[in-house]
Amino acid sequence: MINEKREFPITLKLFAIYQEVIGQAELRIQVIPGTTVGQVCDQLSQRYPALAPWRSQTRFGLNLNFVPADTPLSAEDEVVFIPPVSGG
């Protein structure tokens, strides 16, 4: 039987604390069908525990639009995690 859960690529654009902790401005990762934006953020928070405190404050962008955490991903999507920012 053919594996129907074939992974597909997405791009993560990283800013602020996400870029600082991970050390890159962009990541290309593989996800399975049904994966949501929030699940990707949760996976990053597990891999990089310093990001966990920011999870509840992060907004999500998908292909230049704000989306809720439960938005499913498609191949070649561009995801942005937008933590709170401050400045003067």
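The values are calculated or read from the model by the stated rules, or taken from the named source; none is laboratory data. Predicted model, so just to flag it, every value in this text is computed and none were measured. Cβ placement follows ideal geometry from the backbone for every residue including glycine, while neighbour counts extend to all protein chains displayed. Calculation scope for accessible area: heavy atoms of the full protein, side chains included, ligands and nucleic acids excluded. Shrake-Rupley method; radii C 1.70, N 1.55, O 1.52, S 1.80 Å.
Quick one: what pairs do we get from region 30-58, first residue at negative phi, second of a type in the set (Asp, Glu), C-beta under 8 Å, 6+ apart or different chains?
Pairs that qualify, where the first residue is at negative phi and the partner is of a type in the set (Asp, Glu), are Gln30/Glu7; Val31/Glu7; Ile32/Glu7; Pro33/Glu4; Thr36/Asp70; Val37/Asp70; Gly38/Asp70; Arg55/Asp42.
Return yes or no: is Ser74 open to solvent by less than 70 Å² (accessible area, probe 1.4 Å) and not basic (Lys, Arg)?
Details: open to solvent by less than 70 Å² (accessible area, probe 1.4 Å): yes; not basic (Lys, Arg): yes.
So Ser74 passes the test.
When region 25-42 is examined, which residues are found to be in contact with a Phe, Trp or Tyr (Cβ under 9 Å, 6 or more places away or on another chain) and open to solvent by 50 Å² or more (accessible area, probe 1.4 Å)?
Ala25, Gln30, Ile32, Pro33
Would you point out the residue of region 43-54, among those that are over 13 Å from Ile10 (Cβ atoms) and touching a strand residue (DSSP E or B) at 6+ places or on another chain (Cβ under 9 Å), that is surrounded by the fewest Cβ atoms within 10 Å (Cβ to Cβ)?
First pass over region 43-54, keeping only residues over 13 Å from Ile10 (Cβ atoms): 45-54.
This time we only want the ones that are touching a strand residue (DSSP E or B) at 6+ places or on another chain (Cβ under 9 Å), so: 51, 54.
Details: Leu51: 21, Trp54: 18.
Within region 43-54, the match that is surrounded by the fewest Cβ atoms within 10 Å (Cβ to Cβ) is Trp54.
Going through region 29-55 one residue at a time, which ones are of a type in the set (Gly, Ala, Ser) and in a helix (DSSP H, G or I)?
To start, the set of residues in region 29-55 that are of a type in the set (Gly, Ala, Ser) comprises 34, 38, 45, 50, 52.
Correct list: Gly38, Ser45, Ala50, Ala52.
Determine whether region 8-17 contains at least one residue that is open to solvent by less than 80 Å² (accessible area, probe 1.4 Å) and assigned to a helix (DSSP H, G or I).
Taking every residue of region 8-17 in turn, at least one turns out to be open to solvent by less than 80 Å² (accessible area, probe 1.4 Å) and assigned to a helix (DSSP H, G or I).
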